[in-house]
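Encoded as C-alpha coordinates, the structure appears first; notes follow it.
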Ligand code: TXA
Ligand code: MG
(Lines give C-alpha, C1' and ligand atoms only; values in the text may rest on other atoms or scores of the structure.)
(Ligands and ions follow the chains in the order given, each with its own letter.)
Protein backbone atom coordinates (compact mmCIF):
# COMPACT_ATOMS: atom_id res chain seq x y z
CA UNK A 1 0.00 0.00 0.00
CA UNK A 2 1.22 3.46 -0.87
CA UNK A 3 0.89 5.92 1.98
CA UNK A 4 -0.69 9.20 0.89
CA UNK A 5 1.57 12.21 0.49
CA UNK A 6 0.65 15.81 -0.14
CA UNK A 7 0.72 16.76 -3.83
CA UNK A 8 1.74 20.31 -4.61
CA UNK A 9 0.84 21.88 -7.96
CA UNK A 10 3.05 24.81 -9.02
CA UNK A 11 2.32 27.01 -12.03
CA UNK A 12 5.39 27.45 -14.17
CA UNK A 13 5.94 29.68 -17.20
CA UNK A 14 5.72 27.43 -20.27
CA UNK A 15 8.17 29.40 -22.38
CA UNK A 16 10.52 30.91 -19.78
CA UNK A 17 10.35 28.62 -16.74
CA UNK A 18 11.27 30.34 -13.46
CA UNK A 19 14.73 29.17 -12.34
CA UNK A 20 13.70 28.90 -8.67
CA UNK A 21 10.83 26.54 -9.50
CA UNK A 22 12.98 24.38 -11.76
CA UNK A 23 15.66 24.21 -9.05
CA UNK A 24 13.10 23.08 -6.48
CA UNK A 25 11.88 20.28 -8.78
CA UNK A 26 15.45 19.26 -9.64
CA UNK A 27 16.22 19.11 -5.90
CA UNK A 28 13.44 16.56 -5.41
CA UNK A 29 14.76 14.48 -8.33
CA UNK A 30 18.32 14.65 -6.97
CA UNK A 31 17.04 13.40 -3.62
CA UNK A 32 15.56 10.34 -5.33
CA UNK A 33 11.98 11.54 -5.57
CA UNK A 34 9.59 11.79 -8.54
CA UNK A 35 8.26 14.98 -10.18
CA UNK A 36 5.53 15.47 -12.80
CA UNK A 37 6.51 17.83 -15.62
CA UNK A 38 5.03 18.95 -18.96
CA UNK A 39 6.35 17.88 -22.35
CA UNK A 40 5.07 18.90 -25.78
CA UNK A 41 3.24 15.53 -26.06
CA UNK A 42 1.75 14.69 -22.64
CA UNK A 43 2.76 15.18 -18.98
CA UNK A 44 5.54 12.87 -17.75
CA UNK A 45 6.23 11.33 -14.32
CA UNK A 46 9.98 11.74 -14.01
CA UNK A 47 12.84 10.35 -11.95
CA UNK A 48 16.64 10.38 -12.32
CA UNK A 49 17.33 7.49 -14.70
CA UNK A 50 20.47 6.52 -12.75
CA UNK A 51 18.70 6.08 -9.39
CA UNK A 52 16.93 2.69 -9.37
CA UNK A 53 15.13 3.47 -6.09
CA UNK A 54 13.67 6.60 -7.71
CA UNK A 55 12.61 4.58 -10.78
CA UNK A 56 10.83 2.17 -8.47
CA UNK A 57 8.76 5.10 -7.20
CA UNK A 58 7.49 5.71 -10.75
CA UNK A 59 6.17 2.14 -11.00
CA UNK A 60 4.54 2.36 -7.56
CA UNK A 61 2.90 5.77 -8.21
CA UNK A 62 1.45 4.64 -11.55
CA UNK A 63 0.64 1.09 -10.53
CA UNK A 64 2.64 0.08 -13.60
CA UNK A 65 4.11 -3.41 -14.08
CA UNK A 66 7.91 -3.65 -14.27
CA UNK A 67 7.60 -5.35 -17.67
CA UNK A 68 6.89 -1.97 -19.31
CA UNK A 69 10.14 -0.03 -19.98
CA UNK A 70 10.59 3.74 -19.57
CA UNK A 71 11.77 6.48 -21.94
CA UNK A 72 14.97 8.36 -20.93
CA UNK A 73 14.63 12.09 -21.67
CA UNK A 74 17.74 14.08 -22.56
CA UNK A 75 18.41 17.77 -23.22
CA UNK A 76 21.48 17.48 -25.49
CA UNK A 77 23.01 14.85 -27.75
CA UNK A 78 26.17 14.69 -25.62
CA UNK A 79 24.13 12.89 -22.92
CA UNK A 80 23.51 10.00 -25.31
CA UNK A 81 26.89 8.53 -24.42
CA UNK A 82 25.57 7.88 -20.89
CA UNK A 83 22.77 5.74 -22.31
CA UNK A 84 23.91 4.01 -25.50
CA UNK A 85 27.11 3.04 -27.37
CA UNK A 86 28.09 5.09 -30.46
CA UNK A 87 25.10 6.14 -32.59
CA UNK A 88 24.49 4.60 -36.02
CA UNK A 89 24.38 6.93 -39.05
CA UNK A 90 20.64 6.35 -39.19
CA UNK A 91 20.13 7.37 -35.57
CA UNK A 92 22.27 10.49 -36.10
CA UNK A 93 20.19 11.56 -39.09
CA UNK A 94 16.92 11.05 -37.20
CA UNK A 95 18.17 12.86 -34.11
CA UNK A 96 19.32 15.85 -36.10
CA UNK A 97 16.04 16.01 -38.05
CA UNK A 98 13.55 15.52 -35.18
CA UNK A 99 15.21 16.39 -31.86
CA UNK A 100 14.14 18.17 -29.83
CA UNK A 101 10.67 16.80 -30.58
CA UNK A 102 8.14 13.97 -30.20
CA UNK A 103 10.32 11.11 -31.48
CA UNK A 104 11.61 8.31 -29.23
CA UNK A 105 14.43 6.12 -30.56
CA UNK A 106 14.93 2.57 -29.30
CA UNK A 107 18.73 2.12 -29.22
CA UNK A 108 21.21 -0.44 -27.85
CA UNK A 109 21.41 -0.14 -24.04
CA UNK A 110 24.62 1.21 -22.55
CA UNK A 111 26.05 -0.64 -19.51
CA UNK A 112 25.14 2.09 -17.00
CA UNK A 113 21.40 2.10 -17.69
CA UNK A 114 19.54 0.36 -14.83
CA UNK A 115 17.53 -2.74 -15.79
CA UNK A 116 14.50 -1.22 -14.10
CA UNK A 117 14.44 1.50 -16.78
CA UNK A 118 14.52 -0.99 -19.66
CA UNK A 119 12.43 -3.85 -18.23
CA UNK A 120 15.53 -6.02 -18.54
CA UNK A 121 15.77 -5.45 -22.32
CA UNK A 122 19.11 -4.87 -24.04
CA UNK A 123 17.67 -1.72 -25.62
CA UNK A 124 16.88 1.71 -24.21
CA UNK A 125 14.28 4.23 -25.40
CA UNK A 126 15.55 7.82 -25.62
CA UNK A 127 13.97 11.11 -26.58
CA UNK A 128 14.80 14.81 -26.44
CA UNK A 129 11.56 16.70 -25.70
CA UNK A 130 11.13 20.24 -26.98
CA UNK A 131 9.10 21.68 -24.11
CA UNK A 132 11.18 24.42 -22.40
CA UNK A 133 10.14 23.22 -18.91
CA UNK A 134 11.20 19.63 -19.64
CA UNK A 135 14.53 20.79 -21.09
CA UNK A 136 15.20 23.14 -18.17
CA UNK A 137 14.49 20.38 -15.64
CA UNK A 138 16.78 17.84 -17.36
CA UNK A 139 19.56 20.45 -17.53
CA UNK A 140 19.14 21.43 -13.88
CA UNK A 141 19.35 17.78 -12.80
CA UNK A 142 22.33 17.24 -15.12
CA UNK A 143 21.14 13.67 -15.71
CA UNK A 144 18.62 12.08 -18.09
CA UNK A 145 15.09 11.84 -16.69
CA UNK A 146 13.19 8.55 -17.08
CA UNK A 147 9.51 9.34 -17.52
CA UNK A 148 6.39 7.51 -18.57
CA UNK A 149 3.14 9.39 -19.12
CA UNK A 150 1.87 10.70 -15.76
CA UNK A 151 -1.38 8.71 -15.63
CA UNK A 152 -2.44 5.67 -13.61
CA UNK A 153 -1.56 2.46 -15.47
CA UNK A 154 -4.12 1.69 -18.23
CA UNK A 155 -5.66 5.16 -18.10
CA UNK A 156 -5.52 7.80 -20.83
CA UNK A 157 -2.36 9.97 -20.85
CA UNK A 158 -2.70 13.42 -19.22
CA UNK A 159 -2.48 16.60 -21.28
CA UNK A 160 -3.11 19.03 -18.38
CA UNK A 161 -1.96 19.23 -14.76
CA UNK A 162 -5.61 18.71 -13.71
CA UNK A 163 -5.63 15.35 -15.51
CA UNK A 164 -2.47 14.38 -13.61
CA UNK A 165 -4.02 15.44 -10.31
CA UNK A 166 -7.11 13.33 -11.03
CA UNK A 167 -4.91 10.23 -11.42
CA UNK A 168 -1.94 10.82 -9.10
CA UNK A 169 -3.05 13.12 -6.23
CA UNK A 170 -1.56 11.78 -3.01
CA UNK A 171 0.98 9.70 -4.96
CA UNK A 172 3.49 12.34 -6.15
CA UNK A 173 5.00 15.30 -4.27
CA UNK A 174 5.04 17.86 -7.09
CA UNK A 175 3.32 18.65 -10.39
CA UNK A 176 4.74 21.44 -12.57
CA UNK A 177 1.72 22.99 -14.30
CA UNK A 178 2.49 24.71 -17.62
CA UNK A 179 -0.99 24.41 -19.12
CA UNK A 180 -2.11 22.16 -21.97
CA UNK A 181 0.32 20.03 -23.97
CA UNK A 182 0.61 21.11 -27.59
CA UNK A 183 0.70 17.76 -29.45
CA UNK A 184 -1.72 15.87 -27.22
CA UNK A 185 -0.65 12.31 -28.13
CA UNK A 186 2.59 10.66 -27.05
CA UNK A 187 5.84 10.52 -29.00
CA UNK A 188 6.41 8.14 -31.90
CA UNK A 189 8.46 5.16 -30.66
CA UNK A 190 10.81 4.02 -33.43
CA UNK A 191 12.77 0.79 -32.99
CA UNK A 192 16.26 1.11 -34.50
CA UNK A 193 17.37 -2.27 -33.13
CA UNK A 194 15.19 -4.44 -35.35
CA UNK A 195 16.16 -5.52 -38.89
CA UNK A 196 14.32 -2.56 -40.39
CA UNK A 197 13.50 0.64 -38.48
CA UNK A 198 9.97 -0.06 -37.22
CA UNK A 199 7.38 2.12 -35.52
CA UNK A 200 6.29 0.46 -32.28
CA UNK A 201 3.91 3.28 -31.36
CA UNK A 202 2.75 5.92 -33.87
CA UNK A 203 2.82 9.40 -32.31
CA UNK A 204 3.76 13.04 -32.72
CA UNK A 205 6.18 12.50 -35.66
CA UNK A 206 4.35 10.96 -38.62
CA UNK A 207 5.38 7.97 -40.75
CA UNK A 208 5.54 10.22 -43.81
CA UNK A 209 8.04 12.67 -42.33
CA UNK A 210 10.17 9.84 -40.90
CA UNK A 211 10.27 8.24 -44.36
CA UNK A 212 11.48 11.52 -45.85
CA UNK A 213 14.67 10.96 -43.81
CA UNK A 214 14.80 7.11 -43.66
CA UNK A 215 12.72 5.68 -46.54
CA UNK A 216 12.42 2.12 -45.18
CA UNK A 217 10.72 2.99 -41.86
CA UNK A 218 8.07 0.31 -41.27
CA UNK A 219 4.58 1.09 -39.93
CA UNK A 220 3.31 -0.53 -36.71
CA UNK A 221 2.82 -4.29 -37.21
CA UNK A 222 -0.92 -4.39 -36.57
CA UNK A 223 -1.59 -1.65 -39.07
CA UNK A 224 -2.68 -3.93 -41.92
CA UNK A 225 -5.45 -5.16 -39.65
CA UNK A 226 -6.81 -1.69 -38.81
CA UNK A 227 -10.44 -1.32 -39.81
CA UNK A 228 -11.44 -4.92 -39.26
CA UNK A 229 -9.18 -5.94 -36.45
CA UNK A 230 -9.00 -9.51 -35.32
CA UNK A 231 -8.55 -8.80 -31.63
CA UNK A 232 -6.96 -12.17 -30.79
CA UNK A 233 -4.35 -11.81 -33.54
CA UNK A 234 -3.50 -8.20 -32.71
CA UNK A 235 -3.09 -9.03 -29.02
CA UNK A 236 -0.54 -11.72 -29.89
CA UNK A 237 1.44 -9.26 -32.05
CA UNK A 238 1.16 -6.69 -29.30
CA UNK A 239 2.86 -8.93 -26.73
CA UNK A 240 6.14 -8.63 -28.68
CA UNK A 241 6.33 -4.88 -28.12
CA UNK A 242 6.04 -4.02 -24.45
CA UNK A 243 3.41 -1.44 -23.67
CA UNK A 244 1.63 -2.07 -26.95
CA UNK A 245 -1.28 -4.02 -25.47
CA UNK A 246 -4.50 -2.97 -27.16
CA UNK A 247 -6.09 -2.13 -23.83
CA UNK A 248 -3.25 0.24 -22.92
CA UNK A 249 -5.20 3.47 -23.24
CA UNK A 250 -8.55 2.21 -22.05
CA UNK A 251 -10.84 4.96 -20.77
CA UNK A 252 -12.93 4.06 -17.73
CA UNK A 253 -16.04 3.93 -19.96
CA UNK A 254 -16.50 1.47 -22.88
CA UNK A 255 -15.78 3.09 -26.25
CA UNK A 256 -17.44 1.90 -29.47
CA UNK A 257 -15.36 2.77 -32.52
CA UNK A 258 -17.04 3.06 -35.94
CA UNK A 259 -15.19 2.90 -39.24
CA UNK A 260 -16.34 3.46 -42.83
CA UNK A 261 -17.25 6.42 -44.99
CA UNK A 262 -18.05 9.70 -43.19
CA UNK A 263 -21.73 9.29 -44.00
CA UNK A 264 -22.05 5.61 -43.06
CA UNK A 265 -20.23 6.22 -39.73
CA UNK A 266 -22.57 9.12 -38.96
CA UNK A 267 -25.70 7.07 -39.73
CA UNK A 268 -24.57 4.04 -37.72
CA UNK A 269 -23.52 6.17 -34.72
CA UNK A 270 -26.80 8.08 -34.71
CA UNK A 271 -28.73 4.83 -34.77
CA UNK A 272 -26.65 3.40 -31.92
CA UNK A 273 -26.99 6.62 -29.89
CA UNK A 274 -30.78 6.66 -30.30
CA UNK A 275 -31.16 2.96 -29.50
CA UNK A 276 -29.11 3.25 -26.32
CA UNK A 277 -30.78 6.46 -25.16
CA UNK A 278 -34.19 4.88 -25.66
CA UNK A 279 -32.94 2.13 -23.37
CA UNK A 280 -32.13 4.79 -20.75
CA UNK A 281 -28.35 4.92 -21.23
CA UNK A 282 -26.32 8.13 -20.97
CA UNK A 283 -24.43 8.27 -24.27
CA UNK A 284 -21.32 10.34 -25.00
CA UNK A 285 -20.09 11.08 -28.52
CA UNK A 286 -16.61 12.15 -29.62
CA UNK A 287 -17.46 14.03 -32.81
CA UNK A 288 -15.67 15.99 -35.51
CA UNK A 289 -16.86 19.62 -35.76
CA UNK A 290 -18.99 18.88 -38.82
CA UNK A 291 -21.10 16.34 -36.87
CA UNK A 292 -21.52 18.19 -33.57
CA UNK A 293 -24.95 19.68 -34.36
CA UNK A 294 -26.34 16.36 -35.63
CA UNK A 295 -25.35 14.47 -32.47
CA UNK A 296 -26.46 17.25 -30.14
CA UNK A 297 -29.95 16.99 -31.66
CA UNK A 298 -29.91 13.29 -30.82
CA UNK A 299 -29.66 14.15 -27.13
CA UNK A 300 -26.21 12.61 -26.65
CA UNK A 301 -23.50 14.45 -24.71
CA UNK A 302 -21.12 15.65 -27.42
CA UNK A 303 -17.46 16.57 -27.15
CA UNK A 304 -15.97 18.20 -30.22
CA UNK A 305 -12.54 16.98 -31.30
CA UNK A 306 -11.99 19.58 -34.06
CA UNK A 307 -11.86 19.55 -37.82
CA UNK A 308 -11.74 15.98 -39.22
CA UNK A 309 -9.37 17.20 -41.96
CA UNK A 310 -6.93 18.68 -39.39
CA UNK A 311 -5.39 15.73 -37.51
CA UNK A 312 -3.21 18.01 -35.35
CA UNK A 313 -6.42 19.52 -33.91
CA UNK A 314 -7.98 16.11 -33.30
CA UNK A 315 -4.79 14.80 -31.63
CA UNK A 316 -4.49 17.79 -29.32
CA UNK A 317 -8.05 17.39 -28.00
CA UNK A 318 -8.45 13.60 -28.05
CA UNK A 319 -7.35 12.69 -24.50
CA UNK A 320 -8.97 15.79 -22.99
CA UNK A 321 -12.30 14.87 -24.61
CA UNK A 322 -12.07 11.22 -23.51
CA UNK A 323 -11.54 12.35 -19.93
CA UNK A 324 -14.31 14.98 -20.15
CA UNK A 325 -16.86 12.33 -21.18
CA UNK A 326 -15.64 9.96 -18.44
CA UNK A 327 -16.03 12.76 -15.89
CA UNK A 328 -19.55 13.46 -17.18
CA UNK A 329 -20.35 9.86 -16.23
CA UNK A 330 -21.63 8.72 -19.60
CA UNK A 331 -22.13 4.95 -19.78
CA UNK A 332 -20.77 4.50 -23.28
CA UNK A 333 -18.71 6.62 -25.70
CA UNK A 334 -19.30 6.47 -29.47
CA UNK A 335 -16.55 7.66 -31.80
CA UNK A 336 -15.82 7.67 -35.50
CA UNK A 337 -12.49 6.62 -36.97
CA UNK A 338 -10.23 9.11 -38.81
CA UNK A 339 -7.99 8.96 -41.91
CA UNK A 340 -4.47 7.66 -41.34
CA UNK A 341 -2.39 10.45 -42.96
CA UNK A 342 0.08 12.40 -40.79
CA UNK A 343 -0.93 12.39 -37.11
CA UNK A 344 -3.99 10.38 -38.18
CA UNK A 345 -2.05 7.14 -37.69
CA UNK A 346 -1.49 7.98 -34.01
CA UNK A 347 -5.13 9.02 -33.60
CA UNK A 348 -6.31 5.72 -35.11
CA UNK A 349 -3.95 3.82 -32.81
CA UNK A 350 -5.17 5.54 -29.62
CA UNK A 351 -8.83 5.14 -30.60
CA UNK A 352 -8.30 1.47 -31.43
CA UNK A 353 -6.67 0.94 -28.04
CA UNK A 354 -9.42 2.88 -26.26
CA UNK A 355 -11.90 0.55 -27.99
CA UNK A 356 -10.04 -2.53 -26.76
CA UNK A 357 -9.02 -3.38 -30.34
CA UNK A 358 -12.56 -3.73 -31.70
CA UNK A 359 -13.91 -1.77 -34.66
CA UNK A 360 -17.49 -1.67 -35.91
CA UNK A 361 -17.42 -1.63 -39.72
CA UNK A 362 -20.20 0.48 -41.26
CA UNK A 363 -19.56 -0.04 -44.97
CA UNK A 364 -18.29 2.56 -47.37
O1 LIG B 1 5.45 11.34 -25.41
C2 LIG B 1 5.92 10.47 -24.70
O3 LIG B 1 6.60 9.53 -25.17
C4 LIG B 1 5.63 10.53 -23.21
C5 LIG B 1 6.33 11.77 -22.65
C6 LIG B 1 6.21 11.86 -21.15
O7 LIG B 1 7.67 11.78 -23.05
N8 LIG B 1 6.07 9.35 -22.55
C9 LIG B 1 5.43 8.16 -22.68
O10 LIG B 1 5.98 7.14 -21.92
O11 LIG B 1 4.44 8.00 -23.38
P12 LIG B 1 5.23 5.76 -21.67
O13 LIG B 1 6.07 5.03 -20.70
O14 LIG B 1 3.83 6.02 -21.30
O15 LIG B 1 5.32 5.03 -23.06
C16 LIG B 1 6.59 4.61 -23.51
C17 LIG B 1 6.45 3.55 -24.55
C18 LIG B 1 5.85 2.30 -23.97
O19 LIG B 1 4.90 1.76 -24.88
C20 LIG B 1 7.07 1.39 -23.84
O21 LIG B 1 6.74 0.04 -23.92
C22 LIG B 1 7.91 1.84 -25.02
O23 LIG B 1 7.74 3.24 -25.05
N24 LIG B 1 9.32 1.52 -24.77
C25 LIG B 1 10.13 2.05 -23.84
N26 LIG B 1 11.36 1.46 -23.88
C27 LIG B 1 11.31 0.55 -24.87
C28 LIG B 1 12.25 -0.39 -25.39
N29 LIG B 1 13.48 -0.48 -24.91
N30 LIG B 1 11.85 -1.18 -26.40
C31 LIG B 1 10.59 -1.09 -26.90
N32 LIG B 1 9.65 -0.23 -26.44
C33 LIG B 1 10.01 0.57 -25.43
MG1 MG C 1 1.85 5.80 -21.09
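The values are calculated or read from the model by the stated rules, or taken from the named source; none is laboratory data. Predicted model, so just to flag it, every value in this text is computed and none were measured. Positions of Cβ are backbone-derived with ideal geometry, glycine not excepted, and every protein chain shown enters the neighbour counts.
Within segment 19-30, is there a residue that is more than 26 Å from residue 174 (Cα to Cα), touching a residue at least 60 places away in the same chain (Cβ under 8 Å) and out of contact with any strand residue (DSSP E or B) (no Cβ under 6 Å at 6 or more places or on another chain)? Spell out how you get there, then give the answer.
We begin by selecting, within segment 19-30, every residue more than 26 Å from residue 174 (Cα to Cα); these are none.
Within segment 19-30, none of the residues are more than 26 Å from residue 174 (Cα to Cα), touching a residue at least 60 places away in the same chain (Cβ under 8 Å) and out of contact with any strand residue (DSSP E or B) (no Cβ under 6 Å at 6 or more places or on another chain).
If you check 27, 44, which single one turns out to be surrounded by fewer than 17 Cβ atoms within 10 Å (Cβ to Cβ) and either within 16 Å of ligand 1 (Cβ to nearest atom) or farther than 16 Å from residue 151 by Cβ (or both)? Quick ask: steps written out before the conclusion?
On the way: 44 fails: surrounded by fewer than 17 Cβ atoms within 10 Å (Cβ to Cβ).
Within the list 27, 44, the selection yields 27.
Please find, among 85, 129, 111, the residue that is more than 16 Å from ligand 2 (Cβ to nearest atom), closer than 24 Å to residue 217 by Cα, in a loop (DSSP other than H, G, I, E, B) and modelled with pLDDT of 95 or more. So that I can check it myself, show each step before the final result.
Values: 129 fails: more than 16 Å from ligand 2 (Cβ to nearest atom); 111 fails: closer than 24 Å to residue 217 by Cα.
The unique qualifying residue is 85.
Applying the selection to segment 274-293, what residues are assigned to a helix (DSSP H, G or I) and touching a strand residue (DSSP E or B) at 6+ places or on another chain (Cβ under 6 Å)?
Residues of segment 274-293 that are assigned to a helix (DSSP H, G or I), as a first pass: 274-278, 289-293.
Scanning segment 274-293 gives 276, 277, 289, 292.
In segment 135-145, is there at least one residue being out of contact with any helix residue (DSSP H, G or I) (no Cβ under 9 Å at 6 or more places or on another chain), away from ligand 2 (no atom under 16 Å from the Cβ), within 17 Å of residue 43 (Cβ to Cβ) and part of a helix (DSSP H, G or I)?
First pass over segment 135-145, keeping only residues out of contact with any helix residue (DSSP H, G or I) (no Cβ under 9 Å at 6 or more places or on another chain): 135.
Now restrict to residues that are away from ligand 2 (no atom under 16 Å from the Cβ): 135.
Then keep just the ones that are within 17 Å of residue 43 (Cβ to Cβ); that gives 135.
Retained after the next criterion (residues that are part of a helix (DSSP H, G or I)): 135.
Checking segment 135-145: at least one residue is out of contact with any helix residue (DSSP H, G or I) (no Cβ under 9 Å at 6 or more places or on another chain), away from ligand 2 (no atom under 16 Å from the Cβ), within 17 Å of residue 43 (Cβ to Cβ) and part of a helix (DSSP H, G or I).
Could you check, for segment 272-279, whether at least one of its residues is at pLDDT below 95 and surrounded by 15 or more Cβ atoms within 10 Å (Cβ to Cβ)?
no
Every residue in segment 56-84 that is within 12 Å of ligand 1 (Cβ to nearest atom), within 21 Å of the chain's Cα centre (by Cα) and touching a residue at least 60 places away in the same chain (Cβ under 8 Å), please.
Matches in segment 56-84: 58, 62, 64, 65, 67, 68, 69, 70, 71, 72, 73, 74.
Is there a residue in segment 151-166 that is over 12 Å from the mean Cα position of the chain (by Cα), in a strand (DSSP E or B) and either within 15 Å of ligand 1 (Cβ to nearest atom) or surrounded by 19 or more Cβ atoms within 10 Å (Cβ to Cβ) (or both)?
Taking every residue of segment 151-166 in turn, none turns out to be over 12 Å from the mean Cα position of the chain (by Cα), in a strand (DSSP E or B) and either within 15 Å of ligand 1 (Cβ to nearest atom) or surrounded by 19 or more Cβ atoms within 10 Å (Cβ to Cβ) (or both).
Answer yes or no as to whether residue 174 is touching a residue at least 12 places away in the same chain (Cβ under 8 Å), under 28 Å from residue 58 (Cα atoms) and away from ligand 1 (no atom under 15 Å from the Cβ).
On the way: touching a residue at least 12 places away in the same chain (Cβ under 8 Å): yes; under 28 Å from residue 58 (Cα atoms): yes; away from ligand 1 (no atom under 15 Å from the Cβ): yes.
It is true that residue 174 is touching a residue at least 12 places away in the same chain (Cβ under 8 Å), under 28 Å from residue 58 (Cα atoms) and away from ligand 1 (no atom under 15 Å from the Cβ).
Would you check which residues across segment 322-364 are assigned to a helix (DSSP H, G or I) and surrounded by fewer than 20 Cβ atoms within 10 Å (Cβ to Cβ) and list them?
To start, the set of residues in segment 322-364 that are assigned to a helix (DSSP H, G or I) comprises 322-327, 344-354.
324, 326, 327, listed by residue number.
Table: residues versus (1) in a strand (DSSP E or B); (2) more than 11 Å from residue 176 (Cβ to Cβ).
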{"site": "5", "(1), (2)": "no, yes"}
{"site": "9", "(1), (2)": "yes, no"}
{"site": "15", "(1), (2)": "no, yes"}
{"site": "22", "(1), (2)": "no, no"}
{"site": "25", "(1), (2)": "no, no"}
{"site": "33", "(1), (2)": "no, yes"}
{"site": "36", "(1), (2)": "yes, no"}
{"site": "41", "(1), (2)": "no, yes"}
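If you scan segment 53-72, which residues turn out to be part of a helix (DSSP H, G or I) and surrounded by fewer than 16 Cβ atoms within 10 Å (Cβ to Cβ)? Talk me through it step by step, then tell me what you get.
Of the residues in segment 53-72, the ones part of a helix (DSSP H, G or I) are 53-62.
If the condition is that a residue be part of a helix (DSSP H, G or I) and surrounded by fewer than 16 Cβ atoms within 10 Å (Cβ to Cβ), then 53, 60 are the ones that fit.
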